[in-house]
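This report concerns only the one structure given below.
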Amino acid sequence: MKASLRQLRLLQYVADPFTGRCVSLAALIREADGSTRVILAPTTPGKEELGSVRTANLLASLQRDIVELDAFERLPRSFGPQLILTAPEPAPSDEPADWVWTRLGAGAR
Amino acid sequence: MGIGAIARVRGPFTRAEIDLELRGAHHPYLVRDAAQRWWVRKPLPARGILAESVGGLLGRLLGVEVPELAISGDDDRCGWLSAFVRDAHHWDRSRMGALANPEGLGRMLALDAIIHNEDRNTENFIFESLDEPERFWCWAIDMESALVGMPRALASKGLAAPRPHALPADFAIVDGMVETARAAAELARDADDGLIREIVDVAMDAAGTLDREVLSEVLLARCRHAPRIVEDYLARIEAR
């Protein structure tokens with residue numbers, strides 16, 4: 001992988017702030033030209049993984065807002081406190097689909 | 001009907017490993033009590049506890065959905081506790097039509113008008129996800145800045161309505177909101193004197209503040225004139 005000016009942040013849902021359990025929902029990638037793109041996780045977590053039908057409903061309802069995210073720095077104020085962004089990190093310049101999906105799959109803590 | 005008390009929750013409290021971004025002037029943070037309940041804890045000054053207490057108790061009376069409130073009893077300095085609403089997001093105009101309790105918004109405006117709360121910003125609305133997809137329950141939180149926490153300052157305002165400058169920019173009065181705000185105002189107007197005084201007593205005991213008689217008189221006056229104050233507030237919102 002080649003280094004680049006591209007940066008990555010994971011969008012996560014904090015399922016349990018006391019144990020630190022998070023579920024990764026998407027990746028935000030800031031390109032060298034400053035634009036931001038969103039790559040959704042390959043699968044949407046269901047109520048079994050999330051532990052609650054309400055959580056699953058919330059995330060399903062936010063899906064459209066997540067797809068439309070265009071800011072890398074912070075999430076819209078409407079998203080609520082249980083959605084967070086990980087710290088920015090350098091990202092490879094390769095086509096992101098594959099490695100991002102790997103990261104998203106491993107993103108749960 | 002009595003107004004009830006404000007519970008005191010004993011510690012120990014466990015602070016969350018992940019500090020969720022809970023906005024507020026007094027740096028709120030998430031804790032879990034010994035019974036595994038999640039709370040937003042705010043180290044408020046007395047005036048903040050007084051404002052939250054009156055807002056919560058009067059809100060109950062008017063049918064405003066306010067999360068369970070309590071005071072932490074694990075140290076000398078009181079902390080304010082508000083039940084953490086899980087699976088929620090903040091104000092979003094596009095989801096107003098999905099609210100299962102839209103009447104709550106009108107009541108919330110009436111409460112804000114009476115307690116002179118000028119801090120109903122985006123984060124102070126909570127839309128809680130429900131079991132049914134795309135359905136939400138609206139809660140009112142964070143009334144610590146309301147002028148009711150400073151009785152003499154509130155008295156100096158007379159019967160003036162608050163300014164709606166902190167309301168979300170896309171907030172608008174929609175069908176049904178005016179009617180429910182007016183109904184809540186009438187409920188406040190018709191409330192028994194003893195009930196209003198009880199709210200003040202319970203809140204003053206929780207906050208440990210003075211000026212009990214000043215607050216009783218000013219809150220009684222604002223409740224008696226609630227229809228006018230609420231009408232003025234609605235007009236100010238419309239005029240933004």
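Please verify whether the stretch A:26-48 includes one or more residues that are among the hydroxyl-bearing types (Ser, Thr, Tyr) and surrounded by 16 or more Cβ atoms within 10 Å (Cβ to Cβ). No, the stretch A:26-48 has no match at all. Counting only residues that are within 30 Å of A:Thr86 (Cβ to Cβ) and among the hydrophobic types (A, V, I, L, M, F, W, C), which one in the stretch B:22-38 is farthest from the other protein chains (Cβ to nearest Cβ)? For the stretch B:22-38, the residue satisfying everything is B:Ala25. If you scan the stretch A:14-25, which residues turn out to be on the phi < 0 side of the Ramachandran plot and either over 9 Å from the mean Cα position of the chain (by Cα) or modelled with pLDDT of 95 or more (or both)? A:Val14, A:Ala15, A:Asp16, A:Pro17, A:Phe18, A:Thr19, A:Arg21, A:Cys22, listed by residue number.
Cβ separations smaller than 7 Å between residues 6+ apart or across chains give no pair from the stretch B:163-188 residues that are outside the structural domain of B:His116 (by TED's automatic domain parsing) to residues that are crowded, with 17+ Cβ neighbours inside 10 Å.
Among the criteria (1) surrounded by fewer than 20 Cβ atoms within 10 Å (Cβ to Cβ); (2) of a type outside the set (Ser, Thr, Tyr); (3) in a helix (DSSP H, G or I); (4) touching a residue at least 24 places away in the same chain (Cβ under 8 Å), the one B:Leu105 does not fulfil is (1).
Per the conditions (1) assigned to a loop (DSSP other than H, G, I, E, B); (2) away from chain B (no Cβ under 14 Å), the sole criterion not satisfied by A:Val100 is (1). The lone criterion from (1) small (Gly, Ala, Ser); (2) in contact with a Ser or Thr (Cβ under 7 Å, 6 or more places away or on another chain); (3) not in a loop (DSSP other than H, G, I, E, B) left unmet by B:Gly59 is number (2). When the test is whether a residue is within 14 Å of chain A (Cβ to nearest Cβ), surrounded by 19 or more Cβ atoms within 10 Å (Cβ to Cβ), at negative phi and more than 18 Å from the chain's Cα centre (by Cα), B:Asp19 does not pass it.
The values are calculated or read from the model by the stated rules, or taken from the named source; none is laboratory data. All of these numbers come straight from a predicted model, not from anything done at the bench. Heads up, the Cβs are rebuilt from the backbone with ideal geometry, glycines too, and the neighbour counts pull from every protein chain shown.
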